[in-house]
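For reference, the structure discussed in these notes is given below.
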Amino acid sequence: MSDADVDAAGGSEETDVDAVVIGAGFSGLYMLHKLREQGLDVRVYEKGDEVGGTWYWNTYPGARCDSESHIYCFSFDEGLHREWEWSERYPEQPEILDYLQWVADRLDLHRDIAFEREVTSATYDDETATWTVELADGERVRTRYFVTAVGCLSEPFLPDFDGLGDFEGEWYHTARWPDEEIDFGDDHVGVIGTGSTGIQFISEVGGRADHLTVFQRTPNYAVPARNRPLEDDEYEEIRENYDDIWARARDSRLGMPFDHEHETDYGLSEEEIREVLEERWQQGGFRFLHSFEPGSILSNPELNDVVSAFIREKIRERVDDPETAETLVPTDHPYGAKRPPMDYDDYYGTYNRDDVSLVDVDENPIERVTADGIRTTAAHYDLDMLVFATGFDAMTGAILAMDIEGKNGQTLDEKWEAGPRTYLGLMTHGFPNLFTITGPQSPSVLTNMPLSIEQHVEWIADCIAYMDEHGYDRIEATEDAEDQWVQNTNMLAENMLFSEADSWYRGANVPGKTQVFTPFPGGLDNYREICARVARDDYDGFELGRASGTADEAVSEPGD
Ligand code: NAP
């Protein structure tokens, strides 16, 4: 569909393609496949040297996914989900990476992915309704559609600790874990962070290092995952019911097919609520957060109080030393206001070991890193190795790491200065033809990611097909539609308990970042319906038209 403008020497000064996609994780792989099927010439750029996205970068010990494996995969191709067989209830990082590489091979995707290529900037030209994308090595590519598939948790956040440069041992961020095997054996290892990542790392490495010291600022509510191998007959049953499983998952708030999606807590006594909680505690995983009808634990403070108290008791029961137990018990935020982590390997029991100790850096903050350890306001800890499980500049970090310039010279950085603004999490006013897969203000991180990704990719692919069919060059979210969507997202979040925690959902983990709740909390089921209606109504809330440089630059108002 497009010309490739490659100079005689083979170096491409400027190459025209139909679509540039950034990232080769779940999103980028499916976007490439979909657009290629529609006959578009697509180029994917990927910073890493293989496909995998999150699962390529997060190779730290203990890395595993909290969504159950049989639904943490693509549903769009029956062949794929019927042929692949997961080995455990929750997939471990290497298995997910194998899966994505297998998918990429099966769909012959590698040939359109340029690896170890970093996109540094992208500039929109309204005359031609095209984007010019520039790479770190200076290559420039002109494209009609510019699609970010960079993930929501991709830009690692490393706190600006004084003295890190002086540290004489090895140090790592969990999201940039080295390829070679790390031997913790004789080392005194310090780990900073007790989010989902830290909890997995601590459970896995506690007992493997000579000593592990955990620096905890905020305790968390870890719920048992109840991981186990998937038995053959169980897998057979999943295969037989896959159509129903996917249908229920798509029609659910979380993108997960839980049986108790519609059970309410109304009229139940505290004792009865606790009985339900105990049952779900035994089932494990996200089934616990959704013990009652969608969202109620996250929006009903009285119910949440019972749930939070229930988990606190469980923590106290598991930790031998009462003082350590109290340090591990969260009291500053309600359960679920931060992304709830899972406990795969007796996280709390790890603190009963003699070779694991806990330091409360909320009470005594880290002052600096020294040549041989960490100094808090209370003491110095001698350490040979530091591990930062300190999370990500979430939701916007990886998008804004590129210099993106839209209409009239406005940059995305400027546009999002007071927090990201999108319509449906898919597009931003002032940035025509730029699609953001699982962008801010879409359900993304509050759901089972592959299903959310599939819905976005399919919506974008359908939208591009519609544009081609109707002879449009450009699509842009209207300012009104965007304002309403941002307002709607904020209002939904305000009616829930999210504001009661300093979480990465709100950008509160990165000093100086504008704090605003970023994912859409209205549920994947509702969101899917909204997006489908928008498309049915000829892309209501978007302006479609020709490039401004064309003679008949007619612009259609929504519904025209
Ligand atoms: P995170 O949830 O943001 O946790 C970062 C941790 O580092 C927190 O405990 C934080 O403490 C601590 N921290 C940050 N700066 C600090 C400082 N200056 N001093 C002391 N402590 C500091 O990051 P994450 O654990 O990498 O998880 C991010 C998200 O990735 C998860 O919520 C989840 O969505 C996803 N994830 C998923 C899985 C899975 O599916 N199994 C696994 C890992 C991650 P505060 O809480 O006090 O800020």
Practice item. Take the cross-link list Lys407/Lys513; Lys47/Lys513; Lys34/Lys513; Lys338/Lys513 and give me the ones stretching past 28 Å between alpha-carbons. Key: Lys34/Lys513
Check your understanding: Which angle from 0 to 90°, rounded to the nearest 10, does the C-alpha axis of helix 524-536 make with the longest principal axis of the chain?
Key -> 10
**Study point:** Residues whose placed amide H lies under 5 Å from that of Glu170, excluding near-sequence neighbours
**Key:** Leu386
Study note, to complete from the structure: Under the helix-only model (-39500 (n - 2.57) for each DSSP H run of 4 or more, divided by the residues of the chain), the mean residue ellipticity at 222 nm, to 500 deg cm²/dmol, is -9000 deg cm²/dmol
**Study point:** Cβ-based charge dipole, the stretch 189-388, positive-most Cα from Pro340, Phe288, Ile366
**Key:** Ile366
Review point. Using Cα atoms only, what is the angle between the long axis of helix 270-283 and the major principal axis of the chain, expressed in degrees (0 to 90) to the nearest 10?
Key: 70
Point to revise | Where GluC sites (Glu not before Pro) fall in DSSP loop in the stretch 226-278, at most 13 other Cβ within 10 Å | key: Glu231
Check your understanding: In whole Å, what is the distance between the alpha-carbon centres of the stretch 506-552 and the stretch 418-463?
Key -> 6
Review point. If one computes the Cα centroid of the stretch 331-397 and of the stretch 51-108, what distance in Å separates the two points?
Key: 29
Study note, to complete from the structure: Here the percent of antiparallel bridges among DSSP beta bridges lying wholly in the chain, to the nearest 5, is 40
Review point. When the chain is fully extended, how far beyond the present Cα-Cα distance does Leu158 get from Asp355, taking 0.36 nm per residue of separation?
Key: 68.3 nm
Revision key, fill the gap. Bounding extents of the chain in its principal axis frame from Cα atoms, largest first in Å, are 76, 59, 47
Study note, to complete from the structure: With Cα coordinates, the longest principal axis of the chain makes an angle with the long axis of helix 301-318, in degrees rounded to 10, of 50
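Read-outs: derived from the displayed coordinates by stated rules, not from any lab. Remember, it's a predicted structure, so these values are computed and weren't measured experimentally. Backbone-built Cβ (ideal geometry, glycine too); neighbour counts: all protein chains shown.
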